[in-house]
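The values are calculated or read from the model by the stated rules, or taken from the named source; none is laboratory data. It should be emphasised that the depicted structure is a prediction, and the values quoted were computed from it without experimental measurement. As a convention, Cβ positions derive from the backbone with ideal geometry for all residues, glycine included, and neighbour counts pool all protein chains shown. These accessible areas exclude ligands, DNA and RNA; they are computed on the full protein's heavy atoms, side chains included. Shrake-Rupley method; radii C 1.70, N 1.55, O 1.52, S 1.80 Å.
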Amino acid sequence: MVKKQLIMEKALELFVENGFESTSVQQITERCGISKGAFYLHFKSKDELIYCLIDQFMSDFIAKVEQSVSEATPSEELLYNLLHLIFNEFQEQANIAKLFMKEQVVSFNKELLEKMKMYQSMFNKMILSVVQRQFVQTNKKMHLDLVMVINGLTKSYSELFFLGDCSVDIENLCNSIVEKVTIIAEHAKIHTITPDYFASTNDEVQVTREMIIELIDEVIIETEDHKLVQESLVLLRENLIEPNLSDVIIQGLLKNIRTHDQCKWIAFLYQIEIEKNGER
């Protein structure tokens, strides 16, 4: 395993065991079996490591959400799939989420706070896409209110995973929320959220070719044990610099890199970039 990813995984284990404040860089390096010099080669400080962990968690989560509501998904299953992915992640990552909630590290870093806003904006737009595709018969003026309803119900029911130790039937929970949202979609008449408000609170995601190239450069060494993924990244990088690949080949390469956890975010941003430039 490449050292940067090893450091992040072992540090997360220690953070869950001891908390952020009680975990030292010395403990992290000992658990990894590396020197402090090797640690500081990848991270300037323990705080930077923590921010990288949160950033990676959120980018992976958003990429998974995007895949769960892909164009291939039947419209009547979109909301259920979205909710199932969300709550399954909550269940699997409950200990980590509790740690971040307890320590409240996001507020300590302005750059990370801006990234969290970007992730929330992406998430809201994915929910809106689900609403627009699944609730076609609903008055379009109600769509933004449905986004708020889904967001509100998701956040409220997340307490089952983070604030208690009860066993949660995820399938039942998802069906319950779909039922509630469907009732509102079919019967509610009064809308509150305006397009201007939604736009002002959900900024456009600024994706550039330079940003994606930088991410590829950071990750490409981490895929040295996965030659197909690494070679696909190289070709995708070259295509950003000098476009010459067909749409079919690009989609095939993106499919290749999605098999690697650290590349899902790159695939997600790459797709946004080619759609933005009308290359899809």
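Would you pick out the residues in the stretch 58-84 that are of a type outside the set (Val, Ile, Thr) and in a loop (DSSP other than H, G, I, E, B)? Listed by number, the residues that qualify are SER70, GLU71, ALA72, PRO74.
The residue of the stretch 244-276 that is nearest to LYS64 (Cα to Cα), among those that are outside any helix (DSSP H, G or I) and touching a helix residue (DSSP H, G or I) at 6+ places or on another chain (Cβ under 9 Å), is ARG258.
Going through the stretch 171-192 one residue at a time, which ones are at pLDDT below 95 and in contact with a His (Cβ under 9 Å, 6 or more places away or on another chain)? Once the filter is applied, which keeps residues that are at pLDDT below 95 and in contact with a His (Cβ under 9 Å, 6 or more places away or on another chain), the stretch 171-192 yields only HIS191. Are there any pairs with C-beta distances below 9 angstrom linking a residue in the stretch 174-196 that is assigned to a loop (DSSP other than H, G, I, E, B) to a residue that is modelled with pLDDT under 95 and loosely packed, with under 10 Cβ neighbours inside 10 Å, with the two at least 6 apart or on different chains, and if so which? Between residues of the stretch 174-196 that are assigned to a loop (DSSP other than H, G, I, E, B) and residues that are modelled with pLDDT under 95 and loosely packed, with under 10 Cβ neighbours inside 10 Å, there is no close pair.
Against the numbered list (1) in a helix (DSSP H, G or I); (2) open to solvent by less than 20 Å² (accessible area, probe 1.4 Å); (3) farther than 17 Å from ILE62 by Cα, SER156 comes up short only at (2).
For the stretch 8-30, the set of residues classified as in contact with a Lys or Arg (Cβ under 9 Å, 6 or more places away or on another chain), of a type outside the set (S, T, N, Q) and crowded, with 17+ Cβ neighbours inside 10 Å consists of LYS10, ALA11, LEU14, PHE20, ILE28, listed by residue number.
Checking the structure you have, find out if any residue of the stretch 241-264 is outside the structural domain of LYS125 (by the TED database), among the basic types (Lys, Arg) and touching a residue at least 40 places away in the same chain (Cβ under 8 Å). So far as the stretch 241-264 goes, yes, one or more of its residues are outside the structural domain of LYS125 (by the TED database), among the basic types (Lys, Arg) and touching a residue at least 40 places away in the same chain (Cβ under 8 Å).
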